[in-house]
Structures are given as structure tokens and as C-alpha cells.
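**Q** Dropping the structure in here first, questions after.
Quick note: the coordinates plus some simple rules give every number you see, no bench work behind them. Given the structure is predicted, the values throughout are model-derived calculations rather than measurements.
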Amino acid sequence: MITITILALSWEHIVVIGLILVLLFGGKKIPELMRGMGSGIKEFKDAVKKDEEVPPSNPNPAPQQPVNNPVNNPVVNPTDNSSTSI
């Protein structure tokens, strides 16, 4: 019985994938792509690290003053303005 394992790559698979990449992109383009991918990963890690290092802007905020003048609008009862004919 043949079992299929997910993401089980042997060295033959990796060689075939590498050859396909060289055929698609060419030998000069692959280092540029990997360099771009590496710089993108580095920027992402730096941003995550920077985000973790940012302290809260104001850890102890000033207490809020209570509202002294609440708005007192009169409550208006709705009226029935609908017509019975349709």
C-alpha cells in the first residue's frame, strides 16, 4: 500500500524543483529574488521587534472629570400619522 505524506520531499524532488526554477527564471534572476525575499523577511522581523519594544504612551492616564451639565432633552411621544388606505 502506498501512503502519501504531506510535504515529504526527497533530494530528487528538491533537485527537480530547483531545475524548474532555473528554467523559469534563469540563473541571474534567482539570486535577486532570494535577496528581495530575505530583505522582506528582515524588514518584517524588525517591524515585529520594534512593535514589541514600544512602551505605552501614557500608562497612568489622568482621571476623567465627571460631567456636570448633562443634556436634558424633553421626551416627545410619537404620534400616529399613518394612513389606513393603501
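**Q** Over the Cα atoms of segment 9-56, what is the Rg over Rh ratio if Rh follows Kirkwood?
**A** Here Rg/Rh amounts to 1.27.
**Q** How far, in nm, would the chain grow between PHE44 and GLU32 when pulled straight, counting 0.36 nm per residue and subtracting the alpha carbon separation?
**A** Result: 2.5 nm gained on full extension.
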